[in-house]
1. Being within 16 Å of ligand 2 (Cβ to nearest atom) and charged (D, E, K, R): is that true of R110 here?
2. Inspect all residues belonging to the range 247-260 and state whether any of them is within 29 Å of P165 (Cα to Cα) and more than 16 Å from ligand 2 (Cβ to nearest atom).
3. Among the listed residues V245, V276, V221, V282, which satisfies the condition of being in contact with a strand residue (DSSP E or B) (Cβ under 8 Å, 6 or more places away or on another chain), within 10 Å of ligand 1 (Cβ to nearest atom) and under 26 Å from R123 (Cα atoms)?
4. Would you tally the residues in the range 226-278 being among the small types (G, A, S), open to solvent by 40 Å² or more (accessible area, probe 1.4 Å) and not in a helix (DSSP H, G or I)?
5. Please verify whether the range 99-117 includes one or more residues that are buried (at least 22 other Cβ atoms within 10 Å of the Cβ), part of a helix (DSSP H, G or I) and either in contact with a Cys (Cβ under 9 Å, 6 or more places away or on another chain) or at positive phi (or both).
6. Determine, yes or no, whether A79 is open to solvent by less than 70 Å² (accessible area, probe 1.4 Å), at pLDDT 95 or above and not in a strand (DSSP E or B).
Amino acid sequence: MSVVIENPVLHATEALHDANPMLPSAFVVRAVAKETYDTFTLAVEPQNGVGTAFLPGQFSMLWVYGVGELPISISGNPAEPQHLVYTIRSVGAATHALVSQKVGSAVGVRGPYGTAWPLEAARGRDLIIIAGGIGLAPLRPVIYEVLNHRSDYGRLVLLYGARSPRDLLYRKELKSWARQDDTQVLTTVDYGGLSWRGHVGVVTTLFKFARLQPAKSVAMVCGPEIMMRFVLRELDAVGLRREDVYLSMERNMKCGVGLCGHCQYGPHFICKDGPVFRSDIVRPLMEKYEL
Ligand SMILES: Cc1cc2nc3c(=O)[nH]c(=O)nc-3n(C[C@H](O)[C@H](O)[C@H](O)COP(=O)(O)OP(=O)(O)OC[C@H]3O[C@@H](n4cnc5c(N)ncnc54)[C@H](O)[C@@H]3O)c2cc1C
Ligand code: FES
């Protein structure tokens, strides 16, 4: 049985939460699963037992007591709102503190915030999902949602690239998704090593193996910005309309709700106008400026 470590600060803030959206709600860590050497998936449950509905693509502000607060995409199944799931790569102080949480410890959660992947617009059409590295985390809820309502969508094509085989996320799920009807899953790594028998090369090298019907497809892309730029060019080349391509953008955040300006990207605030944007809206910024 897990022991809940009471966090007095989180308790004190609970009553004030409704009055102030900047105050986090208290959640309890229910599971911590190791995905790779530096990436972990956490499942958290609200202390008040009230589930949190979210849309695929949205993020939370996660607060680690004594360390800080940071934006993390929700990577779980939208059909399971009783807990929220996050996949976190440890790159600095706050992410390290998050992945080091023990079952039963308390974290603060604000949100969900931000725009969602366009699942309504994708109904009846094929989905092309292109992810690089941790970018698969915000796209995993899309895959769950498509599998939850399989007959509502056409073909599902997932192109996923990671730095090396040991960086691949959700390995068991990748295999199980690949076995689904009307689904193609292709993975590649930048560096394979001696035992890797799969594709080697950047994610765009997978396009020649993908069975695509561009005229009836919607594409959703998340990964490092440089990767997304090359993916956009490839999607142009195969004939996808720019209005049918969506990206999730990342910038440093503080408030998460459009107040502080930290996440400004040209005329947009990533936290409230994004993180998911239609590509024709952000593409001029991606091409012209180092913003
Ligand atoms: C909308 C949104 C959703 C996000 N979703 C996720 C998610 O699902 N999972 C996740 O792990 N992260 C996600 N991030 C990124 C995450 O918020 C940052 O990695 C985190 O803020 C870094 O905080 P830190 O204190 O651990 O590292 P810092 O101390 O801020 O940074 C430590 C070092 O890591 C580098 N660094 C910082 N961020 C990244 C990064 N994203 N990739 C590579 N290097 C980085 C810094 O340049 C620095 O050198 C998301 C960010 C946004 C804006
Ligand atoms: S994080 Fe404050 S405005 Fe977006």
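The values are calculated or read from the model by the stated rules, or taken from the named source; none is laboratory data. Being a predicted model, the structure only gives us computed values, none of them experimental. Note that each Cβ is placed from the backbone with ideal geometry, even for glycine, and that neighbours are counted across all protein chains shown. The area values use the complete protein model at the heavy-atom level, side chains included, leaving out ligands, DNA and RNA. Shrake-Rupley method; radii C 1.70, N 1.55, O 1.52, S 1.80 Å.
1. Working: within 16 Å of ligand 2 (Cβ to nearest atom): yes; charged (D, E, K, R): yes.
Yes; evaluated as a whole, the condition is true for this residue.
2. Initial filter on the range 247-260 (within 29 Å of P165 (Cα to Cα)): 247-252.
Still in the running and more than 16 Å from ligand 2 (Cβ to nearest atom): 247.
Yes: one or more hits.
3. Numbers: V245 fails: within 10 Å of ligand 1 (Cβ to nearest atom); V221 fails: within 10 Å of ligand 1 (Cβ to nearest atom); V282 fails: within 10 Å of ligand 1 (Cβ to nearest atom).
Unique residue meeting the criteria: V276.
4. From the range 226-278, those among the small types (G, A, S) are 237, 239, 248, 256, 258, 261, 266, 274; that's our starting set.
Narrowing the set further to residues that are open to solvent by 40 Å² or more (accessible area, probe 1.4 Å) leaves 237, 239.
If we keep only those that are not in a helix (DSSP H, G or I) as well, we get 239.
Final tally of qualifying residues: 1.
5. No, the range 99-117 has no match at all.
6. Details: open to solvent by less than 70 Å² (accessible area, probe 1.4 Å): yes; at pLDDT 95 or above: yes; not in a strand (DSSP E or B): yes.
Spelling it out, A79 is indeed open to solvent by less than 70 Å² (accessible area, probe 1.4 Å), at pLDDT 95 or above and not in a strand (DSSP E or B).
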